[in-house]
1. Being open to solvent by 20 Å² or more (accessible area, probe 1.4 Å) and over 21 Å from residue 198 (Cα atoms) narrows it down to one of 227, 251, so name that one.
2. For the range 213-246, which positions are hydrophobic (A, V, I, L, M, F, W, C) and modelled with pLDDT under 90?
3. Please go through the range 260-302 and give me each residue that is touching a helix residue (DSSP H, G or I) at 6+ places or on another chain (Cβ under 9 Å), of a type in the set (D, E, K, R) and part of a loop (DSSP other than H, G, I, E, B), ordered by number.
4. With respect to residue 80, is the statement that it is at pLDDT below 90, of a type outside the set (A, V, I, L, M) and either more than 23 Å from residue 280 (Cβ to Cβ) or open to solvent by less than 10 Å² (accessible area, probe 1.4 Å) (or both) true?
5. Please enumerate the residues belonging to the range 1-10 that are open to solvent by 10 Å² or more (accessible area, probe 1.4 Å), hydrophobic (A, V, I, L, M, F, W, C) and at pLDDT 85 or above.
6. Scan the range 121-151 for residues that are touching a residue at least 40 places away in the same chain (Cβ under 8 Å), open to solvent by 10 Å² or more (accessible area, probe 1.4 Å) and out of contact with any helix residue (DSSP H, G or I) (no Cβ under 7 Å at 6 or more places or on another chain) and jot them down.
7. I'm trying to understand the selection: among the residues of the range 254-282, which are open to solvent by 10 Å² or more (accessible area, probe 1.4 Å) and of a type in the set (A, V, I, L, M)?
8. Mind checking which residues of the range 17-54 are assigned to a helix (DSSP H, G or I), modelled with pLDDT under 90 and either open to solvent by 50 Å² or more (accessible area, probe 1.4 Å) or among the polar types (S, T, N, Q) (or both)?
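The values are calculated or read from the model by the stated rules, or taken from the named source; none is laboratory data. Keep in mind the model is a prediction, meaning the values are calculated, not measured. For neighbour counting, all protein chains shown are included, and Cβ atoms are generated from backbone atoms with ideal geometry for every residue, glycine included. We work out accessible area using only protein heavy atoms, side chains counted, and drop any ligands, DNA or RNA first. Shrake-Rupley method; radii C 1.70, N 1.55, O 1.52, S 1.80 Å.
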Amino acid sequence: MTREQASEFVLQWIRRRQGSPADLLRDLEEEAGWPGRLMLPSILDELRARRGLPVAERKFLVYTLNAGAVAESLAEGGDPSQQHQSSIDDLFTRSRRFRKSKKFTQAVEFVAKFRDYSPFNNMLVYAQNPHATHFATASHWRKAFGRSIKEEARGMVILAPRSPVLMVYDIIDTEGPPLPEQMRVFTQTSGPFDPALLERMVKNCERDQIQVKRLAMGGMRGGFATSRAREPGWKMRVGLRDDLADAAAYSVLCHELAHIYLGHVGADREGWWPFRANLSEAVAEIEAESVAYIVCARAGLRTRSAEYLASFVEDSEDLDAISLDLISRVAGRMEDMGRRLLPPRP
């Protein structure tokens, strides 16, 4: 692929997909090979400087495909000589099929199920083995359960904070003493809802200058998110129906915040979330409800999200624009907002 062809590919990708920088990088490499990685920063610089681009495309280039975010995605890829790189690229390539089939709902449920790992890493595992039932590193299997990895076992790659990758193994690839009874029900998410999750999430919304208010509204609506903040000092505004119980309010808040953090509602000049306002309503709803389902399920809440998602996935002809990368990252971010009070933004 020539540079001109690569530039045209990027422009058409922006018009069709509006995914994350990582999504663009992977798709460009599929078309142009490893040289695409080297061309991308300068191609984006040229597109940002081009006159006559529609406002939505220019905002996407400035707020979502900004130089810092692209550099971060390039750094995550590392050097082509690293042995793990082709494995990671292959995982994401295979994961694209879930956007185009009924397996999408299954993938979302899987990502929500394993609470010991981040949603992003759960998505990676699902791409490698959709039938995994419980997975851990060889060290964890040995120390916690006295089990060893079978000789013929096939490890699965996940990302680690202080090393390029970790290998994890499904329970079927281990042997040793019987597992404790609680291991058989570890994926269940029953139990009472902790109202502190909602309190912390609302408090963290203030940190991001997102105003959350309880409001009177019709019974057919649970809430809304808008960029039309009515008071100074706020970037976004979320309304929640005032008669919702805490658990229901948390579920609705997760959905509406997902719209914001996925970039559906509009841009943020400080780059706290992307700009992807050109997506279809179906894609935006699928992405937001996927995030809400993951976060709520991992907090112990059962919702009707699976049915909701299934109807959208079956009816939409636009699923290639869905970003599994952003869904898993935003779910992890929002889960953290419910777990602890985050430090002030610099």
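1. Unique residue meeting the criteria: 227.
2. Within the range 213-246, 216, 217, 220, 229, 244, 245 meet the criteria.
3. 268, 269, 276, 302
4. Answer is yes for this residue.
5. 9 - this is the single residue of the range 1-10 that is open to solvent by 10 Å² or more (accessible area, probe 1.4 Å), hydrophobic (A, V, I, L, M, F, W, C) and at pLDDT 85 or above.
6. Once the filter is applied, which keeps residues that are touching a residue at least 40 places away in the same chain (Cβ under 8 Å), open to solvent by 10 Å² or more (accessible area, probe 1.4 Å) and out of contact with any helix residue (DSSP H, G or I) (no Cβ under 7 Å at 6 or more places or on another chain), the range 121-151 yields only 129.
7. 265, 267, 277, 279, 282
8. 30, 31, 35, 38
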